[in-house]
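Values in this text are rule-based calculations from the coordinates and carry no lab data. From a predicted model like this one, the values you see are computed outputs, not experimental measurements. When we count neighbours, we look across all protein chains shown, and the Cβ atoms used for this are built from the backbone with ideal geometry, even at glycine.
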Amino acid sequence: MQSSTSNYLFHLSTKILVGTVWLSATLFGLYILFFYFASLIMEETLRWNTVLPGLYDDRTPAATAGMGLHFAAGGIILVLGCIQLLSSVRERYPAWHRWLGRVYVTAAILTAIGGLVFIFRKGTIGGTVMNVAFAGYGLLMLVAALQTIRYARAEKFTQHRAWAIRLFALAIGSWLYRMDYGFWFLFTDDLGHTGDFRGPFDYFMDFWFYLPNLLVAEIFIARRGALKSPVARGIATLLIVLATLFLLLATYYFTAKLWWPSVADLMTGQPVGG
Ligand code: HEM
């Protein structure tokens, strides 16, 4: 009885967490498409700099092109990511899974290439540490995308699943990065952060947004079905509930303070900085 209750609560909390991740990551993906990519198409690229100073610079057209590609493809990844992991979609609509998978992997490769072009042509706002960290992130995403498709084509589905989980863990890193900042700003008054992303918190975040995800992915790949005892499931449920609350709060912060106002200003033609 106790075991079936803990089982039920564990599965319920997992579903709510997955729904929250999906909602929040999709909001972030839509924001990228409707703000960054739309600004590029509407020739309002200067607006990028209201979010990150120096992101657009008319002296570095290759870096701007790289970022344009990065935004279009990055937005797609976030919107598609959770669909690809749903077992019900995979099992019921395998042809959809295959086609969306091709789009997903191609978008991941283009996102990584776009980001790497930007780093090599212009460099990040945070200097060497951020360049190294983000280049590492891009290279890992390239490897994970290529391995995911390679094993799918070879019909080696255990390896395919493992690489797809790694790719997903990396892809949601970009979104978790914003969530972590949102949460931090909300409670610490920007402690350890500087405008040029060279504060101690910024350096920590340069790596924290993707390396721990990979670790969690490895645990998930290796120890599937490990939560057998009710106590372990109870602890996991508590952690999942806390993670969900954290994500809801951070999503609210970003949507209200940045994502929605940026899109609204662009769509209503508010002057930049006005
Ligand atoms: C799903 C994947 C990704 C998404 C959705 C994404 C999204 C974004 C967004 C929205 C920005 C603009 C800045 C901001 O709003 O904070 C940005 C900047 C950037 N991204 Fe990504 N990104 C992704 C993956 C990557 C990868 C794999 C790399 C590594 C090559 C990367 C490198 C960069 C760089 C270098 C910048 C510019 C930072 C600066 O101005 O100094 N991103 N990305």
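Could you grab the Rg to Rh ratio for segment 117-234? Cα atoms only, Kirkwood for Rh. Rg/Rh: 1.07. Put a dot 7 Å past the Cα of Asn7, heading toward its Cβ, do the same for Arg90, and the two dots end up 2.2 nm apart. Between Phe120 and Ala232, the simple label model (points 7 Å from Cα in the Cβ direction) yields a spacing of 4.5 nm. Packing, as the average of other Cβ atoms within 10 Å across residues, places the peptides 141-149, 126-134 in the order 141-149, 126-134, highest first. Computed from Cα positions, the angle between helix 127-153 and the longest principal axis of the chain comes to roughly 50 degrees.
For the peptides 239-251, 50-62, residues were scored by their other Cβ atoms within 10 Å and the scores averaged per peptide; the highest-first order is 239-251, 50-62.
How tilted is helix 2-31 with respect to the longest principal axis of the chain? Cα atoms for both, answer in degrees (0 to 90, nearest 10). Helix 2-31 sits at roughly 20 degrees to that axis.
In a fully extended conformation the segment linking Thr158 and Leu258 would gain 32.0 nm over its present Cα-Cα distance, using 0.36 nm per residue. Adding -39500 (n - 2.57) for every DSSP H run of four residues or longer, then dividing by how many residues the chain holds, sets the calculated 222 nm ellipticity at -26000 deg cm²/dmol.
Taking 7 Å along the Cα-to-C-beta vector as the label spot, tell me the Arg150-Arg98 distance in nanometres, rounded to one decimal. Taking the simple label geometry, Arg150 and Arg98 are separated by 2.2 nm. Just checking the listed ones, Gly101, Gly19, Gly115: in the Gaussian network model of the chain with Cα springs under 10 Å, the one fluctuating most is Gly19. Applying Stokes-Einstein at 37 °C and 0.692 mPa s to the Kirkwood radius of the chain, computed over alpha-carbon pairs, gives a translational diffusion coefficient of 165 µm² s⁻¹.
Computed across segment 46-188, the Kirkwood hydrodynamic radius from all distinct Cα-Cα pairs reaches 16.2 Å.
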